[in-house]
Amino acid sequence: MAKYLISFPSGALLLSEEDLQAASDASHAVVEEAKAAGVWVFGGGIDESVPPVMVAGDGTVTEGTYPQTKQLEGGYAVLEVPSREAALEWAAKIAAACRCAQEVRAFHYDPAS
């Protein structure tokens, strides 16, 4: 089984308050379906009210982030499924629920974990 990251940026959710509640309800239903299917690993949204920090190898903490991840926000799900095709099927369910397209990325398999 491979793990896949399915995600979308916050800016992709251009919904009215009413539609946002309906999307939230539909998304929670897909999460419950994924849990029941045994493919749900983890998911959630980035708390954009909490600024990111960088932690160096010596433990030094500084505010900010890598320049290329400055816009890291939105919602994420990690699923463990038997194939890329299965990941794409789940991404389609999430996209329909959230009412926005989803990006799908595969994690490298680590035999040591």
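The values are calculated or read from the model by the stated rules, or taken from the named source; none is laboratory data. What you are looking at is a predicted structure, and each value in this text was computed from that prediction instead of being measured. So basically every Cβ, Gly included, is an ideal-geometry build from the backbone, and we count neighbours across all protein chains shown.
For region 16-30, give me each residue that is touching a residue at least 40 places away in the same chain (Cβ under 8 Å) and either under 16 Å from residue 86 (Cβ atoms) or touching a helix residue (DSSP H, G or I) at 6+ places or on another chain (Cβ under 9 Å) (or both). Reasoning before the result, please.
As a first pass, look at region 16-30 and keep what is touching a residue at least 40 places away in the same chain (Cβ under 8 Å): 19, 23, 26-27, 29-30.
Those that are touching a residue at least 40 places away in the same chain (Cβ under 8 Å) and either under 16 Å from residue 86 (Cβ atoms) or touching a helix residue (DSSP H, G or I) at 6+ places or on another chain (Cβ under 9 Å) (or both): 23, 26, 27, 29, 30.
Quick one: which strands (runs of 3 or more DSSP E) sit completely within region 12-113 and have at least 1 residues that are under 13 Å from the mean Cα position of the chain (by Cα) and surrounded by 14 or more Cβ atoms within 10 Å (Cβ to Cβ)?
Numbers: elements: 40-45, 53-55, 61-63, 75-81, 103-106.
Per the criteria, 40-45, 75-81, 103-106.
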For region 24-55, which residues satisfy the criterion of being hydrophobic (A, V, I, L, M, F, W, C), farther than 23 Å from residue 106 by Cβ and modelled with pLDDT under 95? 50, 53, 54
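Go through region 40-66 and report how many residues are within 25 Å of residue 84 (Cα to Cα) and in contact with a helix residue (DSSP H, G or I) (Cβ under 7 Å, 6 or more places away or on another chain). Lay out the reasoning, then the answer.
From region 40-66, those within 25 Å of residue 84 (Cα to Cα) are 40-46; that's our starting set.
Next cut, in contact with a helix residue (DSSP H, G or I) (Cβ under 7 Å, 6 or more places away or on another chain) only: 40, 43.
Final tally of qualifying residues: 2.
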Are there any pairs with C-beta distances below 8 angstrom linking a residue in region 89-111 that is touching a residue at least 40 places away in the same chain (Cβ under 8 Å) to a residue that is exposed (fewer than 11 other Cβ atoms within 10 Å of the Cβ), with the two at least 6 apart or on different chains, and if so which? 100/14
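Restricting to region 57-105, and then to whatever is farther than 21 Å from residue 28 by Cα and among the basic types (Lys, Arg), can you tell me which residue is modelled with the lowest pLDDT?
Taking region 57-105 first, the residues farther than 21 Å from residue 28 by Cα are 57-72, 82-85, 105.
Subset that is among the basic types (Lys, Arg): 70, 84, 105.
Numbers: 70: 71, 84: 97, 105: 95.
Among residues in region 57-105 that are farther than 21 Å from residue 28 by Cα and among the basic types (Lys, Arg), the one modelled with the lowest pLDDT is 70.
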